[in-house]
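Contents: one structure, followed by commentary.
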Amino acid sequence: MAGKISAERDGGYIRVAVPDIYRGMTASEALRLMGLDIDLPCGGNGRCGKCSGYIETVTDGVKKVMPVKLCRSAVPNEGAVTVGFPETLLLGGTNVDVSGENCDACGESESSDGFLAVDIGTTTVEAVLKCCGRTLGHFAGLNPQKKYGADVISRIAFSKTPGGLERMTGDIRLCINNMLEAGRKKHPGLKIGNVYIAGNTTMQHLFMGVSPESMGHYPFTPAFTEARQLKGAEIGVNAENVTVLPSADAFIGADVVAGAELYLEDPDLPPTLFIDLGTNGEMVLKSGGRYYATSSAAGPCFEGANISCGTGGIEGAISDVKDSERGLVIGTIGDKAPVGICGSGLLSLVAVLLERGVIDETGLMEEDLEICGFLKTPGGEKPVQTGISLTRKDVREFQLAKAAIRTGVEILLEKAGLEAKDIETVYTAGGLGTHIDPSAAIRTGLLPPEFKGKCKAPGNTSLYGATAAGDDPTFLEKASALALKFETFSLNDAKNFSEKFIDNMYFD
């Protein structure tokens, strides 16, 4: 089914004329069939309200405009229909960094052995194109599966619906094929023969077209965890070979195994903690040659979902908030006008409000707060009324997420027979971990105070691992062996989990 798209931009909104063939279906589904995917953080269940837009009808010259949730509101059966939604909801396109250099070492010939390394994150997909040790291009975009839900649980649920698994698998493979096509356009003489994939266990199942349903209920058993190597033609990926890196269990994915292989491999390493801070707080503690691993369901709060004005790490997202004598100093991604607040911005804002006493130790905030102050721009700081608010419900969502992470860290330490002061280094990766302000993380109680001065944010370690698999023929074997050493356990099995979780809801 397809229809002609008639779209226009209007004051930060996209307006789309909807053809008659889409009448009766939800506005979000009509947009999808027209090739316009929009972000549905709750999977289209009408809970989050993030897909707010409007439906405009004109009947016999009379215009009506109705504010709606696009995922739940049907395209009317009468009148000329236009659907409007904020540009920030649009999922689509891949950002290509064309600053990568050419590979003069091999001349980028058909005999060259270029490869694409891909990190499939729950929220974003990031990749690099490499040849002869050189980075030739960088690609990044939102995971197109976001329209089926912001977190892995939502996507596992959607995979059980008729055609759900096939749709999500097709979307992520198309995303990777688009990256391959963009790379070949930029380097037309280069053979890109191999693709290396890292991601959490659910994302890898969805890429492979394997049902993740068994990970949605106890005992949370994945269909596979081992590395898989197959021909691209077998799965519709436009490369000769595809390699999926190994996971450890349902909630300790290849993204974490890859990071651990890169940063925890030293046999003489003192007690070191590796945390992937995203929708799931996956963490590995190495001590005495043993690898203790668990995951904590932080939920999608740190990815901007379940937050009233939350957004992912897109341009214009408030990513940093500092206090000053004049007021709040607000930084945004790309130095753009504020469009929402992402995980790192939420963390730093809550820390500032705790210091001001606007939020107390229980999480009480007397009233919702509009974020205003001074916006950092290339030309200096400028006064700004963002129109973006932090609500009391947002603070509670943050408390739940940070309590989950902190509790996971504490129980992991107990499992290893250690205290927080015994940890030498804390590596933070993932969507939030890469941009985390350690002082804000400690002030809010996300991390213990004993971690002060010990935090390092190496970057996208999942992508680094996928890249290492392409650069080093031994990396896959080493990562596979490491995954088997992980001593994984569920936090739900810890007798003191509930007690610790409640305690950690408070702000330190």
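The values are calculated or read from the model by the stated rules, or taken from the named source; none is laboratory data. Given the structure is predicted, the values throughout are model-derived calculations rather than measurements. Cβ coordinates were reconstructed from backbone atoms using ideal geometry, including for glycine residues, and neighbour counts include every protein chain displayed.
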**Item:** Residue pairs meeting the criteria (Cβ under 7 Å; at least 6 apart or on separate chains; first farther than 27 Å from S296 by Cα and in contact (Cβ under 8 Å) with a residue 12 or more places away in the chain, in the range 237-250; second part of a loop (DSSP other than H, G, I, E, B) and not polar (S, T, N, Q))
**Value:** T243/A227
**Asked** Regarding E367, is this residue part of a loop (DSSP other than H, G, I, E, B), in contact (Cβ under 8 Å) with a residue 24 or more places away in the chain and of a type in the set (D, E, K, R)?
**Response** yes
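What's the total number of residues in the range 249-263 that are of a type outside the set (D, E, K, R) and over 20 Å from the mean Cα position of the chain (by Cα)? Quick ask: steps written out before the conclusion?
Initial filter on the range 249-263 (of a type outside the set (D, E, K, R)): 250-254, 256-260, 262-263.
Checking the rest, the ones that are also over 20 Å from the mean Cα position of the chain (by Cα) come to 262-263.
Number satisfying all stated conditions: 2.
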**Message:** Among the residues that make up the range 433-441, is at least one of them touching a Pro at 6+ places or on another chain (Cβ under 7 Å) and either farther than 17 Å from G313 by Cβ or modelled with pLDDT under 95 (or both)?
**Reply:** no
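Of the residues in the range 52-67, how many are touching a Phe, Trp or Tyr at 6+ places or on another chain (Cβ under 7 Å), of a type in the set (A, V, I, L, M, F, W, C) and surrounded by 20 or more Cβ atoms within 10 Å (Cβ to Cβ)?
First, the residues of the range 52-67 that are touching a Phe, Trp or Tyr at 6+ places or on another chain (Cβ under 7 Å): 53, 65-67.
Imposing the further condition that a residue be of a type in the set (A, V, I, L, M, F, W, C) reduces the set to 65-66.
Still in the list and also surrounded by 20 or more Cβ atoms within 10 Å (Cβ to Cβ): none.
Final tally of qualifying residues: 0.
Based on this model, can you work out whether K393 counts as surrounded by 17 or more Cβ atoms within 10 Å (Cβ to Cβ) and closer than 22 Å to L432 by Cα? So that I can check it myself, show each step before the final result.
Values: surrounded by 17 or more Cβ atoms within 10 Å (Cβ to Cβ): no; closer than 22 Å to L432 by Cα: yes.
The answer is no for K393.
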**Complete:** Checked the range 292-311 for anything of a type outside the set (F, W, Y) and surrounded by fewer than 24 Cβ atoms within 10 Å (Cβ to Cβ); matches are A297, G299, S308, C309
**Item:** Evaluation of P458 against (1) over 27 Å from S247 (Cα atoms); (2) surrounded by fewer than 18 Cβ atoms within 10 Å (Cβ to Cβ); (3) in contact (Cβ under 8 Å) with a residue 60 or more places away in the chain; (4) in contact with a helix residue (DSSP H, G or I) (Cβ under 8 Å, 6 or more places away or on another chain) (one fails), failing number
**Value:** (1)
**Members of the range 339-366 that are buried (at least 24 other Cβ atoms within 10 Å of the Cβ) and of a type outside the set (A, V, I, L, M)** = C342, G343, S344, G345, S348
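If only one of G357, G334 is farther than 20 Å from A404 by Cβ and under 19 Å from the mean Cα position of the chain (by Cα), which one is it? I'd like the intermediate steps shown before the answer.
Numbers: G357 fails: under 19 Å from the mean Cα position of the chain (by Cα).
Going through G357, G334 in turn, the sole match is G334.
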**Request:** Output the residue which, of all residues in the range 182-205 that are in a strand (DSSP E or B) and within 30 Å of G216 (Cα to Cα), is farthest from the chain's Cα centre (by Cα).
**Result:** V195
**Asked** Does the range 203-226 include one or more residues that are under 15 Å from A117 (Cβ atoms) and among the polar types (S, T, N, Q)?
**Response** yes
**Asked** Would you pick out the residues in the range 13-47 that are of a type in the set (D, E, K, R) and within 26 Å of the chain's Cα centre (by Cα)?
**Response** E29, R32, D37, D39, R47
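Can you name the residue in the range 464-504 that is assigned to a helix (DSSP H, G or I) and among the hydroxyl-bearing types (S, T, Y) and is also farthest from the chain's Cα centre (by Cα) among such residues?
S498
With the structure loaded, tell me whether E424 is free of Cβ contacts under 8 Å to residues at least 40 places away in the same chain, at negative phi and of a type outside the set (S, T, Y) or whether it fails that test.
No, not satisfied.
Results for (1) touching a Phe, Trp or Tyr at 6+ places or on another chain (Cβ under 9 Å); (2) in the same structural domain as T122 (by TED's automatic domain parsing); (3) more than 30 Å from Y13 (Cα to Cα), shown as yes or no for each residue.
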site	(1), (2), (3)
F374	no, no, no
D394	no, no, no
E414	no, no, yes
T428	yes, no, yes
